[in-house]
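Everything on this sheet refers to the single structure shown next.
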Amino acid sequence: MRLRTRVFALITLTLSVVLVGATPAPASTARTVEYAAPAGSYLPPYVAVIKPVTAKRLASSWREGCPVGPDQLRLVSLNFVGFDGAVHRGELVVNADLATEVARVFADLYFGRFPIQRMETIEKYDSDDDASMAANNTSAFNCRPITGGTAWSNHSYGRAIDINTVQNPYISRSGAVYPPNGATYVDRTQNVPGMIHAGDATEQAFTTRGWTWGGFWDTPIDYQHFEKP
């Protein structure tokens with residue numbers, strides 16, 4: 001094969017590899033988003049697997065009458081760095097339209113070594129948001145009303161994610177803190193592992209992609225919450 005032909009073949013192969021995971025796949029198939037770790041990071045490659053999800057898998061987090069069906073959601077299994085510094089696998093259920101973007105956001109958090117306590121889908125807590133928050137669980141989809149209201153939360157569409165709920169609590173208009181064990185972290189002058197601050201790499205990983213951070217709200221203030229309606 002002549003040099004020019006070999007170069008063209010190499011470029012074609014490279015483009016094919018880059019596009020894997022970026023092109024929407026049929027709803028019945030899985031796709032992978034993978035990034036090699038930067039030299040010297042001492043991290044394994046970042047791997048996120050995006051799969052369809054069923055009503056059975058969603059369990060108590062979904063029911064008939066919810067604003068989106070299981071076919072509009074995806075299960076994302078991904079790497080994250082824990083509070084122990086080790087690499088773990090976690091799961092989030094998000095809207096199908098956001099699944100690849102969410103995988104890329106958490107790649108940024110992974111390579112930035114932003115620590116996450118745990119990442120389990122909400123049915124592991126009987127879909128009880130208070131129980132999930134108290135466990136410092138990072139989660140996304142849960143078919144439920146907004147806190148203190150009756151309208152559907154953006155979590156009901158798989159378009160919101162709560163991260164490290166203890167270090168990043170929700171503060172209601174009345175000043176109540178959720179979860180209560182997050183009261184220590186209402187003081188945002190602290191710089192503790194897992195806390196999100198305005199302008200930091202975690203906030204930027206979301207907001208530069210068009211997500212809104214609840215930490216910028218006036219009232220209530222929701223430091224754990226990112227959404228993209």
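The values are calculated or read from the model by the stated rules, or taken from the named source; none is laboratory data. The structure presented is a predicted model; accordingly, all values stated were derived computationally and were not measured. When we count neighbours, we look across all protein chains shown, and the Cβ atoms used for this are built from the backbone with ideal geometry, even at glycine. Each accessible area value is taken on the protein alone, full model and side chains, heavy atoms only, with ligands, DNA and RNA left out. Shrake-Rupley method; radii C 1.70, N 1.55, O 1.52, S 1.80 Å.
Before moving on, here are some points about what is shown:
- Most to least accessible of T207, T165 (protein chains only, probe 1.4 Å): T207, T165
- Stokes-Einstein translational diffusion, the range 105-149 - Kirkwood Rh over all Cα pairs, 1.306 mPa s, 10 °C, in µm²/s: 135 µm²/s
- Based on C-alpha pairs under 8 angstrom that are at least 6 apart in sequence, the chain has a relative contact order of 14 percent.
- Residues in the range 31-227 average 43 Å² of solvent-accessible surface per residue, probe 1.4 Å, ligands and nucleic acids excluded.
- Cβ-defined net charge surrounding S153, 13 Å radius [Lys, Arg +1; Asp, Glu -1]: -2
- Cα centroid separation, the range 155-229 to the range 74-137 (Å): 15 Å
- Structure-based [θ]222 nm, the chain - -39500 (n - 2.57) summed over DSSP H runs of at least 4, per residue, nearest 500: -6000 deg cm²/dmol
- The largest accessible area among F114, F83 belongs to the first residue in F83, F114, and the rest follow in falling order (1.4 Å probe, all chains).
- Sorting E34, E227 by solvent-accessible area of protein heavy atoms yields E34, E227, largest first, with a 1.4 Å probe.
- Rounded to whole Å, sorted largest first: equivalent-ellipsoid semi-axes of the chain, Cα gyration tensor: 33, 22, 15
- Ranked by the mean number of other Cβ atoms within 10 Å of their residues, highest first, the peptides 212-219, 98-105, 137-144, 179-186 come out as 137-144, 98-105, 179-186, 212-219.
- Carbon plus sulfur fraction of accessible area for the chain, probe 1.4 Å, in percent: 57 percent
- Rg and Dmax of the range 93-187, both derived from C-alpha coordinates alone, stand at 13.5, 38 Å.
- Local electrostatic count at E91 - Lys and Arg +1, Asp and Glu -1, tallied over other residues with Cβ under 12 Å: +4
- Given a 1.4 Å probe and the protein chains as shown, Y223 ends up with an accessible area of around 30 Å².
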